[in-house]
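A.B. asks: Quick one: the structure is below, questions incoming.
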Amino acid sequence: MALLRKINQVLLFLLIVTLCGILYKKVHKGTVLRNETGDDSEAAEEMEDEIPVVICAAAGRMGAAMAAINSIYSNTDANILFYVVGLRNTLSRIRKWIEHSKLREINFKIVEFNPMVLKGKIRPDSSRPELLQPLNFVRFYLPLLIHQHEKVIYLDDDIIVQGDIQELYDTTLALGHAAAFSDDCDLPASQDIHRLVGLQNTYMGYLDYRKKTIKDLGISPSTCSFNPGVIVANMTEWKHQRITKQLEKWMQKNVEENLYSSSLGGGVATSPMLIVFHGKYSTINPLWHIRHLGWNPDTRYSEHFLQEAKLLHWNGRHKPWDFPSVHNDLWESWFVPDPAGIFKLNHPNS
């Protein structure tokens with residue numbers, strides 16, 4: 001009888017310990033979740049108000065990304081979350097540059113891009129090898145980098161922003177469109193610029209229409225191209241339409257069949273996007289993507305026009321941190337010196 005009573009006491013004790021353990025786990029789990037997210041309603045509201053901006057910081061041109069970030073942050077009151085993307089060997093340098101400069105106030109995440117996802121998908125024979133740099137393809141993989149945001153802005157590093165980035169973020173995407181771009185025929189005075197620097201602004205400049213695979217697309221070679229250096233993207237539509245898989249398919253087809261035109265240095269990142277998004281994208285206000293500042297150091301826009309511009313893009317070979325280049329004074333005003341002293345301006349007067 002005494003033995004039975006002792007067994008019952010032991011069982012009761014074990015039951016109490018088990019219940020206490022379950023209760024502790026529930027309370028502790030709730031605490032961890034609150035610590036990570038804060039108040040649920042506040043966190044949800046903050047997520048809605050955040051504007052995620054993806055920008056790459058490549059080793060040799062990290063100063064470009066920092067100038068772009070500085071210009072964005074300085075011209076808005078919006079809550080920007082910068083996703084700064086780099087390769088593994090540059091991540092610590094990116095962090096140091098931000099945390100030991102005037103950029104220390106920004107809200108940012110550093111994201112590592114694994115170039116192994118590109119294995120077997122890029123032809124090595126581009127006439128402009130710098131375009132084969134792995135970070136050029138980050139824009140293909142936005143949903144893998146950004147998980148909690150519905151709408152995302154992607155920007156090339158060779159830009160500065162003179163307007164409030166909130167305006168760009170508010171770009172309307174039509175129903176069923178995964179992205180918005182700038183048409184290459186939309187620039188004011190674009191005809192003059194194209195004539196002066198010999199630019200291609202149609203699909204023929206990016207795709208090789210001698211190839212059957214390209215002809216079979218049924219896209220007119222005179223179709224106006226678009227520039228994917230500035231993208232406003234809807235992540236839900238992107239994933240639903242499996243955009244990344246479609247882009248990878250065309251990358252692989254190009255490896256097998258050499259489908260891209262060489263007139264623009266291979267068009268390695270632009271060409272597959274032109275195919276996948278043909279007829280299925282919304283447009284960005286032209287003043288939010290003034291392009292071609294890097295095409296010819298002898299061709300300049302008017303100062304009045306540049307003052308009206310919201311975003312300037314030095315796409316082309318002649319970058320504003322290098323020499324020769326045009327309108328580099330506008331870019332240099334946003335330059336953030338490298339705390340490590342590695343990145344330096346290559347200007348005669350710098």
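A.B. asks: Which residue is nearest to the chain's Cα centre (by Cα), if the candidates are limited to the range 89-111 and must be within 22 Å of Pro52 (Cβ to Cβ) and exposed (fewer than 14 other Cβ atoms within 10 Å of the Cβ)? Walk me through it before giving the result.
C.D. replies: Initially, the range 89-111 is screened for residues within 22 Å of Pro52 (Cβ to Cβ), giving 90-91, 94-95, 97-99, 101-111.
If we keep only those that are exposed (fewer than 14 other Cβ atoms within 10 Å of the Cβ) too, we end up with 99, 102, 104-105, 107, 109.
On the way: Glu99: 21, Lys102: 22, Arg104: 21, Glu105: 21, Asn107: 16, Lys109: 13 Å.
Only one residue tops the list, namely Lys109.
A.B. asks: Just one of the numbered conditions (1) open to solvent by 20 Å² or more (accessible area, probe 1.4 Å); (2) modelled with pLDDT under 95; (3) in contact with a Phe, Trp or Tyr (Cβ under 9 Å, 6 or more places away or on another chain) is not true of Ile193; which one?
C.D. replies: (1)
A.B. asks: While we're looking at this one, here's another question. Can you tell me which residues in the range 80-93 are farther than 11 Å from Phe108 by Cα and out of contact with any Lys or Arg (no Cβ under 9 Å at 6 or more places or on another chain)?
C.D. replies: Residues satisfying the conditions are Leu87, Arg88, Asn89, Thr90, Leu91, Ser92, Arg93.
A.B. asks: Same structure, new question: From the list Gly86, Gly60, which residue is closer than 21 Å to Leu142 by Cβ and among the small types (Gly, Ala, Ser)?
C.D. replies: Working: Gly60 fails: closer than 21 Å to Leu142 by Cβ.
Step by step, each of Gly86, Gly60 is checked, and only Gly86 is closer than 21 Å to Leu142 by Cβ and among the small types (Gly, Ala, Ser).
A.B. asks: Hey, another quick one. Output the residue which, of all residues in the range 226-243 that are of a type outside the set (A, V, I, L, M, F, W, C) and in contact with a helix residue (DSSP H, G or I) (Cβ under 6 Å, 6 or more places away or on another chain), is nearest to Pro143 (Cα to Cα). Show your work before the answer.
C.D. replies: Keep residues of the range 226-243 that are of a type outside the set (A, V, I, L, M, F, W, C), which gives 227-229, 234, 236-237, 239-242.
Then drop every residue that is not in contact with a helix residue (DSSP H, G or I) (Cβ under 6 Å, 6 or more places away or on another chain), which leaves 228, 239.
Numbers: Pro228: 16, Lys239: 7 Å.
That would be Lys239.
A.B. asks: If Ile214 satisfies all but one of (1) open to solvent by 10 Å² or more (accessible area, probe 1.4 Å); (2) of a type in the set (A, V, I, L, M, F, W, C); (3) without any contact (Cβ under 8 Å) to a residue 60 or more places away in the chain, what's the number of the condition it fails?
C.D. replies: (1)
A.B. asks: For Asn254, are the conditions met, namely being open to solvent by less than 30 Å² (accessible area, probe 1.4 Å) and over 27 Å from Gln162 (Cβ atoms)?
C.D. replies: Details: open to solvent by less than 30 Å² (accessible area, probe 1.4 Å): yes; over 27 Å from Gln162 (Cβ atoms): yes.
For Asn254, the condition - open to solvent by less than 30 Å² (accessible area, probe 1.4 Å) and over 27 Å from Gln162 (Cβ atoms) - is met.
A.B. asks: Cβ contacts < 6 Å: first residue more than 23 Å from Phe181 (Cα to Cα), restricted to the range 286-309; second residue of a type in the set (S, T, N, Q), any location; separation 6+ or different chain. Result?
C.D. replies: Pro297/Ser325
Residue-by-condition table, conditions (1) buried (at least 22 other Cβ atoms within 10 Å of the Cβ); (2) more than 18 Å from the chain's Cα centre (by Cα):
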site	(1), (2)
Val268	yes, no
Gly279	no, yes
Thr283	no, no
His292	yes, yes
Asn296	no, yes
Ser302	no, yes
Leu311	yes, no
Lys319	no, yes
His327	no, yes
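The values are calculated or read from the model by the stated rules, or taken from the named source; none is laboratory data. Predicted, not measured: the structure shown is a model, and the values here were computed from it. In this analysis, Cβ positions are derived from the backbone assuming ideal geometry, glycine residues included, and neighbour counts consider all displayed protein chains. When the accessible area is computed, the model is the full protein with side chains, heavy atoms only, and any ligands, DNA or RNA have been set aside. Shrake-Rupley method; radii C 1.70, N 1.55, O 1.52, S 1.80 Å.
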